[in-house]
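No value in this document is a laboratory result; all are computed from the given coordinates. Only a predicted model underlies this, so the values are computations on that prediction, with no experimental measurement involved. FYI the Cβ positions are ideal-geometry reconstructions off the backbone, even for glycines, and counts take in every protein chain you see.
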Amino acid sequence: MKLCCFLLALRFAWCLLPQYGYIHPDEFFQTVEIVAGDVLDVKVLTAWEFNSSRPIRSITVPHLLFSPLFHALRVFNAATPYLVLIIPRVAMTTATMIAECYIGKTATRLGYDASGCHLLLASSYVSLVYLTRTFSNSVEYLLFALLLHQCVHNRSAFTVSLLLTLGVFNRPTFVAFACVPVINWLKGSLLNRTLTCLMNGIAMSCVIILCDTLYFTGSISSNFIITPLNFLLYNSQSSNLAEHGVHPLYTHILVNTPLLFGPLALAWLSQGRHDHFLCLSYFIPLLFLSVFPHQEPRFLLPLLIPICIINSGNKRLAIWLTFNALAAILYGHLHQAGVVKSLIQSSEFKGCTHLVYYHTYMPPRHLTLQSKSSSSEAREDSCSSVSVHDLMSSPLPTVQEYLFSIAIKNPLANVYLVAPASLDLGGFITKEKYAFCPHLSTENLPRLNFEKGILNGIYEMFNDMCLKMYEVDVGIRS
C-alpha cells in the first residue's frame with residue numbers, strides 16, 4: 001500500500017514538474033490545441049481531422065473536457081505557457097486516479113485482488129505518462145473504465161448509454177472495447193435494456209451532432225456533421241490509411257502490447273485463473289483493432305484495465321517495475337522533450353521572432369500564447385509576436401531557402417532554426433543560441449564515436465541529446 005501511495009504521489013508531482021517528454025502530436029492536436037484556440041483566442045494549427053468540410057473528430061467531447069479549464073484561466077487572466085500545459089494534464093491525472101478507484105471495485109466484484117490491481121495500475125508507465133496526457137485514447141481509457149464498472153455492477157441504462165455515446169463520438173473504435181461488457185450487461189434484461197439504450201443513445205447523439213454541426217458550419221442546416229460516420233468512411237479507404245503509415249496486421253499483438261504492458265503481455269498465461277469475461281474484454285478489442293493496417297501503441301490504452309485485473313495476483317514485480325521505470329524515463333523525460341521546453345521559452349522572447357522547427361515533432365502553437373490578432377507582418381519596430389514554422393524533414397537546401405526568405409522579408413526579426421543537436425546541418429551558417437536538454441529523437445539518434453576515448457564519446461553522445469536553437473546569422477540577410 002505504501003508503494004502504491006508513493007507511485008500515485010509521484011504521478012501527480014511529475015505532472016506538475018512538468019513532464020516534457022512528447023509522445024505523439026495527437027496528445028495536443030486532437031484535443032487541447034483546437035480548444036485553446038477557441039477559448040483563449042490564440043494562434044493554433046487546426047489538425048486535418050477538424051476540417052470544416054468533412055471532420056472525422058467531434059469537437060463536442062474535447063470542449064466538454066477542456067473548455068471549462070481554459071475558460072477559468074481566461075477569467076482569472078492566469079494563462080501562462082506552463083499553466084496552459086499542465087492544467088489539462090492535472091485534470092487528466094485526477095480523472096485517471098478516480099477511474100482507478102472504479103477499476104478496483106470492478107476487480108473486487110469479479111473476485112480479483114483490488115490492491116494488487118491498484119499496484120499494477122499505479123506502477124505502469126502507461127498510467128504515469130500516457131494517461132496524464134490529453135490523448136483522445138486516454139479519454140477512451142477513462143470512459144472504458146467507467147463503462148466496465150457500470151456493466152459489471154449492473155447499473156442503469158441511462159449511464160451505460162451516456163458512456164457509450166460519449167465513447168463513440170470521442171473515438172468510434174470505442175465500440176470494440178465496449179462490446180463485451182455491454183453484451184454481458186444486456187443479458188440481465190435484453191429487450192428492455194436494448195430499447196432504452198437505443199432511445200437514450202439516439203437522443204444523446206442528436207445533441208452532439210447538432211453541436212458539431214453548429215461548430216463546423218455555423219448553423220443548424222440539413223447537412224448534419226456526423227463525425228463517427230465520417231471517421232468510418234475515411235478509414236475504409238486504404239489510400240487514406242497509407243498516408244499515416246501501414247503496419248503488418250500482427251503489429252498490435254507482437255509489438256505494441258509488449259511495448260505498452262511489458263512482462264504483463266505474457267504473464268497472464270501463468271495465472272491459475274482465467275476469467276472468460278476479462279479475457280474476451282482483452283482479446284476481442286485487440287483482434288478487432290488488428291484488422292486495421294494502421295496500428296499505434298496508444299490505440300490499445302484501454303486494454304491496460306483487463307490485463308491488470310487478470311494479473312492482480314502476480315507478486316513477481318521486479319521485472320515489471322524495472323521495465324516501467326525505464327519506459328517512463330524514455331517517454332516522460334527524454335522523447336522529443338526539447339520541443340515543449342523551447343515553446344515555453346519562446347514566451348520570454350522580445351520583438352518579432354520566427355521559430356523554424358526542423359526534424360522534430362509538430363510544435364503545438366497554443367503554448368506560445370500568441371493572440372490571433374497579432375501578426376508577424378506588422379511593422380517590425382512594434383511587432384511582438386512569435387511565429388512558429390514546421391519544416392518537418394524537408395531537404396536541407398529547402399530549409400536554407402526558407403530561412404533566407406524569412407530573414408529577407410523580416411530584416412529586424414529574430415529568426416531561429418530549432419533542430420536536434422545530432423542532426424548534421426551541412427555547415428549551414430548558424431550560431432547556437434539555446435540548448436534544451438535532454439531531447440531524444442529516435443529519427444536522429446545521438447552519434448556514437450569513441451575514437452577519442454570512452455569518456456569523450458559519452459560526453460559527445462549526451463551533447464547530442466539536446467534540441468538546439470540556432471540564431472540565423474544576420475550576414476545572410478544582405
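Among the chymotrypsin sites (Phe, Trp or Tyr not before Pro) in the stretch 103-187, which ones are in a DSSP loop with at most 16 other Cβ atoms within 10 Å of the Cβ? Mind listing them?
Here no chymotrypsin sites (Phe, Trp or Tyr not before Pro) fit, given the DSSP loop and packing criteria.
Using only the Cα atoms of the chain, what semi-axes does the equivalent ellipsoid have when each is the square root of 5 times a gyration tensor eigenvalue? Give whole Å, largest first.
After diagonalising the Cα gyration tensor, the semi-axes are 41, 29, 20 Å.
Angle, helix 276-290 long axis vs. longest principal axis of the chain, Cα atoms, 0 to 90°, nearest 10?
Once rounded, the angle reads 40 degrees.
Which value, to two decimals, describes the C-alpha radius of gyration of the stretch 339-477 once divided by 2.2 N^0.38 Å?
Taking the Cα Rg and dividing by 2.2 N^0.38 Å, one obtains 1.10.
Could you give the nm distance between label points at SER115 and LEU326, where each point is 7 Å from its Cα heading toward the beta carbon?
For SER115 paired with LEU326, the spin-label model returns 3.0 nm.
Tell me whether the stretch 99-176 comes out rounded, prolate or oblate; compute the Cα gyration tensor, take square roots of the eigenvalues as a ≥ b ≥ c, and use a/c under 1.5 as the rounded threshold.
oblate
For the chain, what is the mean residue ellipticity at 222 nm derived from helices alone (per DSSP H run of n ≥ 4: -39500 (n - 2.57); sum divided by total residues; nearest 500 deg cm²/dmol)?
-16500 deg cm²/dmol
Would you mind telling me the antiparallel percentage of the DSSP bridges in the chain, rounded to 5?
Here the antiparallel bridges make up roughly 50 percent for the chain.
From the phi angles alone, apply the Karplus equation (6.51, -1.76, 1.60; θ = phi - 60°) to the stretch 330-339 and give each ³J(HN,Hα) in whole Hz, x where the residue is Gly or Pro.
After applying 6.51 cos²θ - 1.76 cosθ + 1.60, I find 4, 8, x, 10, 9, 4, 6, 5, x, 4 Hz.
Would you pull out the residues with amide H under 5 Å of LEU440's amide H, same chain only if 5 or more places away, H placed 1.01 Å from N?
Amide H neighbours of LEU440: HIS335, GLN336, ALA337, GLY338.
When the Cα centres of the stretch 236-252 and the stretch 1-35 are compared, how far apart do they sit, in Å?
28
Based on the Cβ-Cβ distance of LEU287 and LEU241, what FRET efficiency does E = 1/(1 + (r/R0)^6) give at R0 = 25 Å, to the nearest 0.05?
0.90
Give the angle, between 0 and 90 degrees and rounded to the nearest 10, that separates the Cα long axis of helix 318-329 from the longest principal axis of the Cα atoms of the chain.
Approximately 40 degrees, to the nearest ten.
Could you give each residue of the stretch 84-97 its phi-based ³J(HN,Hα) in whole Hz, using Karplus coefficients 6.51, -1.76, 1.60 with θ = phi - 60°, and x for Gly or Pro?
5, 6, 8, 4, x, 5, 4, 4, 5, 5, 4, 4, 5, 5
How much length, in nm to one decimal, is gained on full extension between TYR82 and SER394, taken as 0.36 nm per residue of separation minus their Cα-Cα distance?
Roughly 109.3 nm would be gained on extension.
Could you give the length gained on full extension between LYS187 and PHE462, defined as 0.36 nm per residue of separation minus the Cα-Cα distance, in nm?
93.2 nm is the gain from fully extending LYS187 to PHE462.
Distances over 25 Å make up what percent of all Cα-Cα pairs in the stretch 163-315?
Roughly 44 percent, once rounded to a whole number.
If the only charges are +1 at each Lys and Arg Cβ and -1 at each Asp and Glu Cβ, what is the size of the charge dipole of the chain around the Cα centre, to the nearest 20 debye?
Once rounded to the nearest 20, the dipole reads 1240 debye.
Please compute the length gained on full extension between GLU401 and ILE98, using 0.36 nm multiplied by the number of residues separating them and subtracting their Cα-Cα distance.
Difference between extended and current length: 103.9 nm.
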